[in-house]
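Please treat every number below as a calculation from the coordinates, not as lab data. Note that the structure is a prediction, hence the values are computed from the model and not measured. Reconstructed Cβ throughout: ideal geometry from the backbone, glycine too, with neighbour counts over all protein chains shown.
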Amino acid sequence: MRQGTRERRSTPGRLSALLALTLGLLGFTAPASAQFGTQAGFAEAFQKDFLRRDMQLFMDYLRLEDWQRPIIEVLLDDYQDDFDGGTEACKDRMSGLKDEMLADPENAMEIALRPIKEWELEKKRMRDDFIANLRTQLSPLQMQRWPSLERAMRREKELPLGELPGEKMNLFAVLHGMELKPTDVQQIDPALLTYETRLDNALDNRRKQMEKHQPELQNAMVSRNYQEGLPPLRKIAAARSAVIDVHFIAIDEISSLLPVAIGDEFRLAILTRGYPDIFKPNSVDRLIKHVRSLPDLTQEQSAGLDQIELEYLTSLAESNERLLQAYRINAKEIPILEAKQSIARRNKEEIERGENVPSAITDEKTLRADMFEEYRNRILDLLTEEQNMQTPASIKFDRRGGRQRGNIERPAGLTNPNAPGRGNGRSRASNPDKMPPPKGGKVDSGLSDSGPPPKIDDSPPKNTGGGG
């Protein structure tokens with residue numbers, strides 16, 4: 001294996017750091033893309049379009065012959081070497097700009113970005129050359145399979161570039177990890193094919209919107225007229241939100257086609273990946289687990305805890321769904337608010353906490369925190385003073401804004417904290433006697449977007465020879 005896996009991976013970070021340092025020497029207080037986050041596309045300019053591991057995709061989707069593999073491996077190696085050489089040359093050009101920028105500080109930003117814009121054109125040429133060289137090695141039948149490869153490559157490359165909550169959800173990875181029965185796979189196959197097409201269209205549109213509007217963001221930064229960057233930023237955010245909508249439509253369709261328990265398991269698993277902060281264990285979950293472990297817990301206390309937990313699970317499911325919808329509808333405003341906050345900070349304007357999150361989301365989070373506190377109080381009211389003393393403060397108290405709150409006050413007039421069910425909190429559940437569906441309930445552990453590798457192959461079905 002050729003040298004430099006670690007070096008190649010660190011190139012975008014090193015070049016971004018170099019750009020930030022160069023600008024910093026001239027009095028800029030933030031990296032070039034600070035006002036518009038990663039939406040301006042600078043980091044993407046230094047990410048390879050093809051990696052050596054893509055060889056597996058070529059083999060799966062094009063069904064390469066044995067004699068073709070070494071030829072395409074050479075093409076991949078040549079691409080890697082050319083790309084690494086190009087980024088090093090770009091770095092050298094950026095390093096030599098200091099004197100020119102100091103001589104013309106008014107246009108320092110434009111000067112600093114010049115090598116990157118030149119490299120972006122060279123990168124596109126390298127990509128087109130690689131594809132052209134690869135296609136010359138393919139048979140007519142393999143060329144018919146090319147559209148299927150393009151969709152797979154787009155999903156592989158573009159899906160991880162999501163910025164909004166839920167944008168990077170990978171339904172295929174979750175389904176593969178579930179090891180579904182053949183009959184279940186057959187049942188959801190039409191919905192999966194529909195999802196694949198919709199997702200490909202949404203990712204393709206997102207890429208086109210980014211390529212169209214990123215130069216406008218860069219021009220706004222060069223001219224330092226950051227307000228002009230907000231309209232194109234909105235268009236990019238709308239394209240990102242459309243990807244999320246495709247995910248949710250497919251989640252509902254696929255869940256409805258699977259057996260109820262498996263459908264709920266799938267829905268919870270994928271949403272946990274997309275929104276880990278919603279589904280991770282919270283202080284109420286930890287408190288319930290702790291109280292059940294108390295050696296002196298009485299039957300009355302246990303029965304009272306059962307009732308509270310039943311109501312809590314219903315309230316939690318409802319809260320999860322409301323917060324999910326708040327994110328789904330309003331997440332596209334997050335990049336706009338973050339950019340406005342960054343612009344205000346640059347202008348030394350006063351910034352209030354939470355201004356970079358849509359109010360619909362923060363309002364729902366506030367209701368959620370109040371709900372958690374209500375159920376914590378009710379559970380703690382079941383306990384004796386000695387049992388309360390055994391309960392860690394980390395699960396008795398809430399954390400809001402990164403600060404630990406003070407001691408929880410018992411409701412006035414409470415004379416027997418040992419009596420089950422004496423808490424004054426009221427449940428928001430409309431039907432506390434009904435268990436909530438698993439799709440909104442709690443989970444014992446969160447999942448990250450970088451979950452375990454799929455347990456079954458992601459190769460196309462045999463009937464896709466036409467590339468449909």
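Read phi for every residue in region 176-183 and hand back ³J(HN,Hα) as whole Hz from Karplus 6.51 cos²θ - 1.76 cosθ + 1.60, θ = phi - 60°, with x for Gly and Pro.
Going residue by residue, I get 5, x, 7, 6, 5, 5, x, 5 Hz, with x marking Gly and Pro.
What is the spin-label model distance, in nm, from Asn201 to Ala369 if the labels are put 7 Å beyond Cα along the C-beta direction?
Result for the modelled spin labels: 4.1 nm.
Could you calculate, for region 254-322, the ratio of the Cα radius of gyration to the Kirkwood radius, expressed as Rg to Rh?
1.08
Quick one: Asp245, Asp92, fewest Cβ neighbours within 10 Å first, how do they rank?
If I rank by nearby Cβ atoms, fewest first, I get Asp92, Asp245.
Which FRET efficiency value, to the nearest 0.05, do you get for Asn107 and Arg345 by plugging their Cβ-Cβ distance into 1/(1 + (r/R0)^6) with R0 = 30 Å?
Calculated value: 0.80.
Hey, what D do you get for region 275-389 in µm²/s if you plug the Kirkwood alpha-carbon radius into Stokes-Einstein at 37 °C and 0.692 mPa s?
198
Measure of size requested: the Rg and Dmax of region 304-353, with Cα atoms as the atom set and Å as the unit; please supply both.
Looking at region 304-353, its Cα Rg and Dmax stand at 18.4, 55 Å.
For region 36-176, what value does the Rg/Rh ratio take when both radii are computed over Cα atoms and Rh is the Kirkwood radius, given to two decimals?
Taking Rh as the inverse mean 1/r over Cα pairs, Rg/Rh reads 1.06.
What GluC sites (Glu not before Pro) in region 56-153 are in a loop by DSSP, with at most 15 other Cβ atoms within 10 Å of the Cβ?
Glu65
For region 128-222, build the convex hull from the C-alpha positions and give me its volume per residue in Å³.
Spread over its residues, the Cα hull of region 128-222 gives 143 Å³ apiece.
So what is log10(I(q)/I(0)) for region 166-262 at q = 0.21, 0.23 1/Å, when the Debye sum runs over its Cα atoms only?
Log-scaled intensity ratios, in q order: -0.99, -1.11.
Out of every Cα pair in region 39-99, what percent are spaced more than 17 Å from each other?
More than 17 Å apart: 54 percent of the Cα pairs in region 39-99.
Just report the Cα centroid separation between region 141-217 and region 330-381, whole Å.
What the calculation gives is 31 Å, centre to centre.
Greater than 26 Å separation of Cα atoms is the criterion. Which listed pairs, Lys91/Lys348; Lys48/Lys181; Lys123/Lys332; Lys91/Lys124; Lys91/Lys332; Lys124/Lys235, meet it?
Listed pairs above 26 Å: Lys91/Lys348; Lys48/Lys181; Lys123/Lys332; Lys91/Lys332.
List the trypsin sites (Lys or Arg not before Pro) within region 183-257 that fall in a DSSP loop (any state other than H, G, I, E or B) and whose Cβ has at most 13 other Cβ atoms within 10 Å.
Filter output for region 183-257: Arg224.
Say R0 is 35 Å: what FRET efficiency, to the nearest 0.05, do Phe172 and Ala303 get from their beta-carbon distance?
0.20
Contour minus end-to-end for Arg127 and Lys235, with contour as 0.36 nm per residue of separation and end-to-end as the Cα-Cα distance?
36.3 nm
Stretched out fully, how many nm does the piece from Asp77 to Gln144 gain, at 0.36 nm a residue minus the Cα gap?
Gain on stretching Asp77 to Gln144: 21.6 nm.
Can you give the extra length, in nm with one decimal, that the chain gains between Ser223 and Arg53 once fully stretched, where that is 0.36 nm per residue apart less the Cα-Cα distance?
Residue separation times 0.36 nm, minus the Cα-Cα distance, leaves 57.2 nm.
Which of the trypsin sites (Lys or Arg not before Pro) found in region 286-371 are in a DSSP loop and have at most 14 neighbouring Cβ atoms, other than their own, within 10 Å?
Lys348, Arg353
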